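Below is a structure I'd like to ask you about.
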Amino acid sequence: MNIYIDESGSINNHYNNIKPFVIALVHATNKKQLQRAYSRFISSNYQQLLHLDKDKTDPNTGKILKAGNKMFKNDKFIELKGSQLNPDMKREFVNYFCKKRHFELFLIKINNNRLSDTFCSNTARVFNYTTKLALEYYINNGYLPDENCNLQLDERNEKTESKHFLQDYLNTELKLGNNLSADFNVQYFDSANNKLIQLADVFANLYYSHILTNAYTNEFQLLEANGILKHCFNYPL
């Protein structure tokens, strides 16, 4: 079982306008077909993506309002980033991948305004703990099979000293603590070198945007109706 993970937002309970932290998990049921679908999406939308990745400037002052060059370098595609997509392209993304039955989507929403200062003092602990709780829930309730699981995450979101902790933590808590059969293997990648982590990035950004704006109700209903969106896990419960 291969699961690709990325996140949107930050873990912090002291913002004036506290926003949630989101984790997206893409369970690839057919990895090769999903990678091919990703490549076709990029090729069919190449020019639009290139346009969206340009600097956005104020027409009066020339001040950069939103920096570009996150998806392309010297007009060569590097990676897909949800933060660079406009609403129309996000809707196109959902419509396209809803036609592909090669994956399942799981979402985690962490409500920062309900976290204690002590809990937030170690952001890696928050990420690891809630990921463990969600996986435990998904497996125990039949959303995911109790089988060996390979988790792949973006290395840029993880501190070096914490990279090896998650694997040991999951195996201790879930395999030993909950008597699951699954062995958990955790790998970290530069997301530019992992197409399916990029899909998780877009879905995390989409869910984060939807929580803030309520603008993608139809898209999430479509994902659910097509059997792709399996569950949204909230923490604290």
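What pairs can you find where one residue is in the range 105-116 and basic (Lys, Arg), the other is part of a loop (DSSP other than H, G, I, E, B), and their Cβ atoms are less than 6 Å apart, with a gap of 6+ or different chains?
These pairs meet every condition: 109/20; 114/236.
Okay, next question. Quick one: would you say residue 222 is over 21 Å from residue 110 (Cα atoms), part of a helix (DSSP H, G or I) and aliphatic (A, V, I, L, M)?
Details: over 21 Å from residue 110 (Cα atoms): yes; part of a helix (DSSP H, G or I): yes; aliphatic (A, V, I, L, M): yes.
When the stated conditions are applied, residue 222 passes them.
Let me ask something additional. Restricting attention to the range 169-191, which residues are hydrophobic (A, V, I, L, M, F, W, C), part of a strand (DSSP E or B) and surrounded by fewer than 20 Cβ atoms within 10 Å (Cβ to Cβ)?
Restricting attention to the range 169-191, the residues satisfying the condition of being hydrophobic (A, V, I, L, M, F, W, C) are 170, 174, 176, 180, 182, 184, 186, 189.
From what is left, the residues that are part of a strand (DSSP E or B) are 184, 186, 189.
Passing the criteria: only 189.
Answer yes if at least one residue in the range 152-159 is out of contact with any Phe, Trp or Tyr (no Cβ under 9 Å at 6 or more places or on another chain), more than 29 Å from residue 83 (Cα to Cα) and charged (D, E, K, R), and no otherwise.
No - not one qualifying residue is present in the range 152-159.
Same structure again: Against the conditions (1) within 25 Å of residue 223 (Cβ to Cβ); (2) of a type outside the set (Ser, Thr, Tyr); (3) in contact (Cβ under 8 Å) with a residue 40 or more places away in the chain, where does residue 70 fall short? Just the number, please.
The number of the failed condition is (3).
In the range 79-108, what count of residues is obtained for those that are touching a strand residue (DSSP E or B) at 6+ places or on another chain (Cβ under 6 Å) and either more than 18 Å from residue 40 (Cβ to Cβ) or part of a loop (DSSP other than H, G, I, E, B) (or both)?
Kept after step one, since they are touching a strand residue (DSSP E or B) at 6+ places or on another chain (Cβ under 6 Å), are these residues of the range 79-108: 103-108.
Then keep just the ones that are either more than 18 Å from residue 40 (Cβ to Cβ) or part of a loop (DSSP other than H, G, I, E, B) (or both); that gives 104-108.
Here the count works out to 5.
Name the single residue, out of those in the range 90-119 being surrounded by 15 or more Cβ atoms within 10 Å (Cβ to Cβ) and β-branched (Val, Ile, Thr), that is modelled with the lowest pLDDT.
110
When only residues in the range 201-218 that are of a type in the set (S, T, N, Q), part of a helix (DSSP H, G or I) and over 12 Å from the mean Cα position of the chain (by Cα) count, which is nearest to residue 108 (Cα to Cα)? Let's see the steps before the verdict.
First pass over the range 201-218, keeping only residues of a type in the set (S, T, N, Q): 205, 209, 213-214, 217-218.
Imposing the further condition that a residue be part of a helix (DSSP H, G or I) reduces the set to 205, 209, 213, 217-218.
Narrowing further to those that are over 12 Å from the mean Cα position of the chain (by Cα): 209, 213, 217-218.
Working: 209: 14, 213: 18, 217: 17, 218: 19 Å.
Out of the qualifying residues, it is 209.
Just give me the residues in the range 19-76 being surrounded by 11 or more Cβ atoms within 10 Å (Cβ to Cβ), at pLDDT 90 or above, part of a strand (DSSP E or B) and basic (Lys, Arg), in sequence order.
Correct list: 73 only.
Something else now. Considering only the range 33-51, I want to know if a residue exists there that is basic (Lys, Arg) and under 18 Å from the mean Cα position of the chain (by Cα). Before the answer, list the steps.
Going through the range 33-51, the residues basic (Lys, Arg) turn out to be 36, 40.
With under 18 Å from the mean Cα position of the chain (by Cα) added as a condition, the list becomes none.
Among the residues of the range 33-51, not one is basic (Lys, Arg) and under 18 Å from the mean Cα position of the chain (by Cα), which makes the answer no.
Can you go through 166, 153 and tell me which one is at pLDDT 95 or above, surrounded by 15 or more Cβ atoms within 10 Å (Cβ to Cβ) and of a type in the set (A, V, I, L, M, F, W, C)? Lay out the reasoning, then the answer.
Working: 166 fails: at pLDDT 95 or above.
None of the others qualify; the one that does is 153.
Another question, if that's okay. Being touching a Leu at 6+ places or on another chain (Cβ under 7 Å) and either charged (D, E, K, R) or closer than 17 Å to residue 203 by Cα (or both) is the filter here, so list the residues in the range 7-21 that pass it. Explain how you work it out, then say what you get.
At the first step, the residues of the range 7-21 found to be touching a Leu at 6+ places or on another chain (Cβ under 7 Å) are 13, 19.
Across the range 7-21, the qualifying residue is only 19.
Another question, if that's okay. Counting only residues that are of a type in the set (S, T, N, Q), within 16 Å of the chain's Cα centre (by Cα) and not in a strand (DSSP E or B), which one in the range 116-159 is nearest to residue 10 (Cα to Cα)?
The extreme case among them is 157.
Right, residue 147: exposed (fewer than 14 other Cβ atoms within 10 Å of the Cβ) and within 28 Å of residue 32 (Cβ to Cβ) or not? Lay out the reasoning, then the answer.
Numbers: exposed (fewer than 14 other Cβ atoms within 10 Å of the Cβ): yes; within 28 Å of residue 32 (Cβ to Cβ): yes.
Spelling it out, residue 147 is indeed exposed (fewer than 14 other Cβ atoms within 10 Å of the Cβ) and within 28 Å of residue 32 (Cβ to Cβ).
Return the only residue of 176, 151 being without any contact (Cβ under 8 Å) to a residue 12 or more places away in the chain and among the hydrophobic types (A, V, I, L, M, F, W, C). Spell out the reasoning first.
Working: 151 fails: without any contact (Cβ under 8 Å) to a residue 12 or more places away in the chain.
None of the other options fit; the residue is 176.
The values are calculated or read from the model by the stated rules, or taken from the named source; none is laboratory data. Keep in mind that this is a model prediction, so the values were computed, not measured. All Cβ positions, even for glycine, are placed from backbone atoms using ideal geometry, and neighbour counts span all protein chains on display.
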